[in-house]
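**Student:** Here you go, one structure.
The values are calculated or read from the model by the stated rules, or taken from the named source; none is laboratory data. Since we're looking at a predicted model, the values are computed, not measured. All Cβ positions, glycine included, derive from the backbone under ideal geometry; neighbour counts span all protein chains shown. When the accessible area is computed, the model is the full protein with side chains, heavy atoms only, and any ligands, DNA or RNA have been set aside. Shrake-Rupley method; radii C 1.70, N 1.55, O 1.52, S 1.80 Å.
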Amino acid sequence: MIDLFIGLHVALGTVAVLGMVIAWFTKKGGLWHRRAGKAYVYGMAAAIAVSFVVSLATQNVFLFLIGLFSGYLVYTGYRSAAARNSVRSSVDQGITIFVLLIALSMFAYAVFNIRSDVSIAVILAVFGAILFSLAFSDYRRGDYWPKGKERIVLHLSRMGGANIATITAVFVVNVQTSPAFIAWLAPSLIGGFLINYHTRALNASRPA
């Protein structure tokens, strides 16, 4: 039964990857960009939901926490673009508070596993720090998402971060490194640089 869910997770992840690639190479804000973006969001949401089932069935806390990390990036990336009135709903705010607690849990789990598995501890500490930083910035926004160019920048950075999480999942499954956390963190370092570059270009009103 677990193999069935893992296969479903891979299939849904494939849909998300295809949507992600199409969104990259289509006109931003255009019809196909929006359609591909929705395919990515829905594919990721379903894939993450299935990963929760697998993590609970296998008692894999690490997988569960990483799924929540990816899910928050996808959710806020989508909401920052979809909330045209810029209002952060009570659901948005409640999810942010919940995710702040999850980020703290990632730190705690990292400390708990530092002696038994250094790679897992490093991965969770880094991802927990990133997640806490993002969620705390959302918490400080209060009732509103940013408007104008800031809204576009937020959408770019969150969806870019979600894309990194997707690429990382593919990379980790297919590439073995020693220590293991290199495979987890390398896409974040490279992707973070690219996101920062495009964000700076957008803020400077230069084409990226």
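**Student:** Do we have any residue at all in region 162-171 that's buried (at least 19 other Cβ atoms within 10 Å of the Cβ), over 13 Å from the mean Cα position of the chain (by Cα) and part of a helix (DSSP H, G or I)?
**Tutor:** Scanning region 162-171 turns up no residue that is buried (at least 19 other Cβ atoms within 10 Å of the Cβ), over 13 Å from the mean Cα position of the chain (by Cα) and part of a helix (DSSP H, G or I).
**Student:** May I ask you to list the residues in region 3-23 that are of a type outside the set (A, V, I, L, M), open to solvent by less than 60 Å² (accessible area, probe 1.4 Å) and without any contact (Cβ under 8 Å) to a residue 12 or more places away in the chain?
**Tutor:** Listed by number, the list holds a single entry, 7.
**Student:** With the requirement that a residue be without any contact (Cβ under 8 Å) to a residue 40 or more places away in the chain and either over 21 Å from residue 28 (Cα atoms) or touching a helix residue (DSSP H, G or I) at 6+ places or on another chain (Cβ under 9 Å) (or both), what does region 132-149 give you?
**Tutor:** Scanning region 132-149 gives 132, 133, 136, 137, 140.
Residue-wise test of (1) open to solvent by 60 Å² or more (accessible area, probe 1.4 Å); (2) modelled with pLDDT of 90 or more; (3) among the aromatic types (Phe, Trp, Tyr); (4) out of contact with any Leu (no Cβ under 9 Å at 6 or more places or on another chain).
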position: 1; (1), (2), (3), (4): yes, no, no, yes
position: 79; (1), (2), (3), (4): no, yes, no, yes
position: 99; (1), (2), (3), (4): no, yes, no, no
position: 102; (1), (2), (3), (4): no, yes, no, no
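**Student:** Okay, next question. Between 116, 90, which is open to solvent by 40 Å² or more (accessible area, probe 1.4 Å), farther than 21 Å from residue 24 by Cβ and at pLDDT 90 or above?
**Tutor:** Answer to the selection: 90.
**Student:** If I filter region 24-34 down to residues being closer than 16 Å to residue 163 by Cα and charged (D, E, K, R), which single residue comes out as least open to solvent (accessible area, probe 1.4 Å)?
**Tutor:** For region 24-34, the residue satisfying everything is 34.
**Student:** Could you please find all residues in region 47-77 being surrounded by fewer than 22 Cβ atoms within 10 Å (Cβ to Cβ) and in contact with a His (Cβ under 7 Å, 6 or more places away or on another chain)?
**Tutor:** 50, 54 - these are the residues of region 47-77 that are surrounded by fewer than 22 Cβ atoms within 10 Å (Cβ to Cβ) and in contact with a His (Cβ under 7 Å, 6 or more places away or on another chain).
**Student:** Let me ask you something else. Here's a check for you: in region 119-155, which residue that is over 20 Å from residue 187 (Cα atoms) and surrounded by 19 or more Cβ atoms within 10 Å (Cβ to Cβ) is farthest from the chain's Cα centre (by Cα)?
**Tutor:** Within region 119-155, the match that is farthest from the chain's Cα centre (by Cα) is 145.
**Student:** Among 185, 194, which is the only one that is part of a helix (DSSP H, G or I), touching a residue at least 40 places away in the same chain (Cβ under 8 Å) and either open to solvent by less than 50 Å² (accessible area, probe 1.4 Å) or of a type outside the set (Asp, Glu) (or both)?
**Tutor:** Of 185, 194, the one residue that is part of a helix (DSSP H, G or I), touching a residue at least 40 places away in the same chain (Cβ under 8 Å) and either open to solvent by less than 50 Å² (accessible area, probe 1.4 Å) or of a type outside the set (Asp, Glu) (or both) is 185.
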